[in-house]
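Read the structure below first, then the notes.
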Amino acid sequence: ANAYQFRYDESTGFASPAYLTSESTPLTLLTHKPTPDMPLGTWYWQVRARDAAGNWGAWPTTYRTITILPPIPVAPVLTSPVNGFSTSDNTPDFLWNPVSYGANYEIQIDNLATFTAPIDQSSFTSNTTYTATTLNPGIYYWRVRAFNSASTPEAGAWSTIRSFTITADWTFMVYLAADNDLESFGILDFLEMAQVGSTSKMNIIVQMDRHASHDTSYDNWTSTKRFKVSSGMTPIAANALMDIGEADMGSQTTLINFINWSKTNYPAQRYALVIWNHGGSWYPMEINGEVISQSIAWDDTGTYLSNTAVYNALSSVTTGGINKLDLVALDACIMANIEIDYNMQNFVLARVASQANIPGEGFPYHTILNDLKNNTGMNQETLATAIVNRYAEYYSSNNVTISALRFQPTTPLATDVDYLARIMARDLATYYSAIDDAFWATMYFSDSAPAYDNIDLYGFASNLKARVPSGTDIYNAANAVMSRIDSMVFANRYDTTEWAGIVKGITIYFPWNASNWSAFRANYTLYQRFATYTYWNEFLDIYY
């Protein structure tokens, strides 16, 4: 033999070979690589020989079998969701690109990147999408690999690992500072929250500090504990997630730690923060012989959160306003002040607060949280409106006020007030009587009037506008303040029998007389960021 002919076919009869080399151009080597490549599957092949005289021998009666297996698939490329994706959908969809020779795909989903015991693992034919089974809130990891179509399928490499987070729609954080004479009301509010309880779409997270003697019920513990409030829960020690010891709830560090811990352990699409306690607007209080500008969260065994402390805490937990909190609600007295709002405007989308005192029972959490439970898809303004309406309904005859506003993404209200203050100071000789009359015609709100003097800012601007000539600088400045407040306040309720004048939901410090201003001037000027930014305190100096 000096030449050869090769053939293969899918049948042993070779009646019409799928592949046959040419007789006229025979093979001269003892090896052959078919061109094109052999298709996948099982094939039968033979070789016959030709002698030097050109005579071909017969095809043999025997044959050999070869099975061409598919290549092992490469690792799929994941397309959706992107790495680090966060969603409140607890049955998310997963997508990846198809790969050559990938007949089947396997996906693994687990809360550990090691995938030692996958929570969800499915194989299927040809699909490159998958909808997960119901997942509880938390951080998960996923990966995909492909199998070829061999009779004993061979697996390719796993894809890269991606993470995703299943969140609740809302995490409702309550900073319940009850280490004081409000302890019994704090317990009542906790029980109101437990009338609703957390769900897979809504986390109710409470950090509660208690006093040693004001209320001895529910184990009479006195430290600071954290709870995820479930339906029917009571605030006993055994129900707490953790005890952090005797924490100073008047410390900005304590507030920062609580918010960061809540966001890390109970991630959500939206976050609401309630600061619960006594409130005191910006007014100073003496602690250990030092007069400090106060704000909220008085702790009998510590201090309280000053305006500066609230500013620092919110700045820290939002990374300077990059990740704003959706809502801050102040369940404390006389906190709807521009001085307070100024410290939150860069870090919060919306706020709820009262211009007047809040009754000891505070917000009606059972009705508020029931609204949220029934519609966890609501945004911060809808939730804020629900708080305003439920509060007003609950205290329908108790002389209460409450308002909700959005913080502007562009020019803050303080800029308009700064301009108004400068114009009033500049033109005081001309418009002193108009300014003074406008002040006395405006509704005031205070803890113990007249020592503490907050007036309705919109009402003052409106009364001033009505007393000066149209088109003047002072008229236009007052009108700009009114327009800005109109664009900010989206929910506002108040008792019209107690406050018959204009009540728009934001107060500003305007003391009743020179003596009051003299008493608080240094503290207001030194400690209030609003005073540092605006000309308001300089106007009061000139006015008095």
*Which value in nm describes the separation of the simple spin-label points at SER231 and ASP89, placed 7 Å from the Cα toward the beta carbon?*
2.7 nm
_Inter-label distance for ASP473 and LYS33, nm, one decimal - labels placed 7 Å from Cα along Cα-to-Cβ_ = 9.0 nm
*asked:* From Cα pairs below 8 angstrom and at least 6 apart in sequence, can you work out the relative contact order of the chain, rounded to a whole percent?
replied: 9 percent
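Provide the FRET efficiency to the nearest 0.05 for the ALA519-GLN195 pair, computing r from the beta carbons and using R0 = 45 Å.
0.50
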*FRET efficiency for THR42 and LEU20, Cβ-Cβ distance as r, R0 = 22 Å, nearest 0.05?*
0.75
*Please give the length that would be gained between THR382 and VAL82 if that part of the chain were fully extended, namely 0.36 nm times their separation in residues minus their C-alpha to C-alpha distance (nm, one decimal).*
105.0 nm
*Quote to one decimal, in nm, the extra length available between ASN398 and ASP219 on full extension: 0.36 nm per residue of separation minus the C-alpha distance between them.*
61.2 nm
*Please give the per residue accessible area of the chain, computed with a probe of 1.4 Å over protein heavy atoms only, in Å².*
42 Å²
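By how many nm would the segment from ALA429 to ILE139 grow when fully extended, if each residue of separation counts as 0.36 nm and the alpha-carbon distance is taken off?
So the extension gain works out to 97.9 nm.
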_Set the bar at 27 Å for Cα to Cα. Now go through LYS201/LYS504; LYS263/LYS373; LYS263/LYS504 and name every pair that lies beyond it._
LYS201/LYS504; LYS263/LYS504
_Computed from the coordinates I sent, Cα extents along the principal axes in Å equals one of (i) 131, 63, 40; (ii) 98, 60, 53; (iii) 66, 54, 46. Tell me the label._
(i)
_Shape of the stretch 425-544, Cα gyration tensor, a/c cut at 1.5_ = rounded
*What fraction of the DSSP beta bridges in the stretch 165-239 is antiparallel, stated in percent and rounded to the nearest 5?*
40 percent
*Kindly state, to the nearest 0.05, the FRET efficiency for ARG64 paired with ALA157, given R0 = 45 Å and r defined as their beta-carbon distance.*
0.85
*Measuring from label point to label point, each 7 Å out along Cα→Cβ, what is the ALA53 to THR131 span in nm?*
7.7 nm
_Accessible carbon and sulfur surface of the chain relative to its total accessible area, %, 1.4 Å_ = 49 percent
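The values are calculated or read from the model by the stated rules, or taken from the named source; none is laboratory data. As the structure is a computational prediction, the values presented were derived from the model and not from experiment. Cβ sites come from the backbone with ideal geometry, for glycine too, and all protein chains shown count toward neighbours. Each accessible area value is taken on the protein alone, full model and side chains, heavy atoms only, with ligands, DNA and RNA left out. Shrake-Rupley method; radii C 1.70, N 1.55, O 1.52, S 1.80 Å.
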